[in-house]
Amino acid sequence: MYHWCVTKLQQLQSQLLQLHFACLIVVGLFFSLMLPVTNLSLLKHTGSAIGSMAAGLGGLCLGYYIWREVFVKLKQQKRLPPSGANRGQQALLLLRLIHPLAGIMMLYLIVLHAGLMLRWGGGPYHSSLFVSGIACLLLLAAMLFLGMHLRKKLLYRRWHRILALWLLLFYLGHIFLKIVF
């Protein structure tokens, strides 16, 4: 089962451009289906659910980074038994393969979330909530660009991490503003 998952994820990674096109088609179809919907409550709840899915994918991406750092530190300190090192290496490989796919899907889910929330005009919009959401979208787009070119330029890895920290801060601010307003 593990090798099958790794093989399928590697196949998906080799076809990232096709994944982008498929996501664009799905986003377009989703918007065309939601366009005639006038139930503002449905639009709001759908947009919130899509935003929550994007946050879950972001947590998965963050989990890869944290697990990699912890695993490397434990391996350097020789605090892992051989069987634990092997399982940790397998988990790290799966997370490494999932990480770029989750990042791409997160971007498209955030675009859907933003589109639905902009379409939903049922409540007062607060500019700070709007700005923090747009900042998250732009930071994620920049991170995706840097992530796609990470292997060519190692300096991009540092900026990818810095943008991830800023994305996390803006996301927490976005959630705080959502609760307050």
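Nothing in this text is a laboratory measurement; each read-out follows from the coordinates by a stated rule. On a predicted model such as this, the values are computed, not experimentally measured, just so you know. All Cβ positions, glycine included, derive from the backbone under ideal geometry; neighbour counts span all protein chains shown.
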Whole percent per 5 Å bin, from 0 to the bin with the longest distance: what is P(r) over all C-alpha pairs of segment 44-123? 3, 16, 19, 15, 12, 10, 8, 7, 5, 3, 2, 0
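With the cut-off at 24 Å, report for the chain the share of all Cα pairs above it, as a whole percent. All intermediate terms of the calculation are to be shown ahead of the outcome.
On the way: 7579 of 16290 pairs.
Roughly 47 percent, once rounded to a whole number.
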Helix runs (DSSP H) in the chain reaching 30 Å along axis by Cα, Kyte-Doolittle at least 1.0: 127-148, 155-180
Once the other residues with Cβ under 12 Å from the Cβ of A164 are scored (Lys, Arg +1; Asp, Glu -1), what is the net sum? +3
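Which trypsin sites (Lys or Arg not before Pro) does segment 134-166 hold that lie in a coil by DSSP with at most 11 other beta carbons within 10 Å?
Details: sites: R151, K152, K153, R157, R158, R161; in loops: R151, K152, K153.
For trypsin sites (Lys or Arg not before Pro) across segment 134-166 that sit outside H, G, I, E and B with at most 11 neighbouring Cβ atoms in 10 Å, the list reads R151, K152, K153.
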What nm distance separates the two modelled labels at S83 and A142, each placed 7 Å from Cα along Cα→Cβ? 4.7
About its Cα centre, what dipole magnitude does the chain give when the only charges are +1 on Lys and Arg Cβ and -1 on Asp and Glu Cβ, stated in debye to the nearest 20? 840
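Run lengths n ≥ 4 of DSSP H only: what is the helix-derived mean residue ellipticity at 222 nm for the chain, with -39500 (n - 2.57) per run over all residues, to the nearest 500? Can you show the working numbers first?
On the way: 6 runs with 154 residues, N = 181.
Using -39500 (n - 2.57) per qualifying helix, the result is -30000 deg cm²/dmol.
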Just grab the label-to-label distance for L92 and L17, each label 7 Å out from Cα along the Cβ direction, in nm (one decimal). 3.2
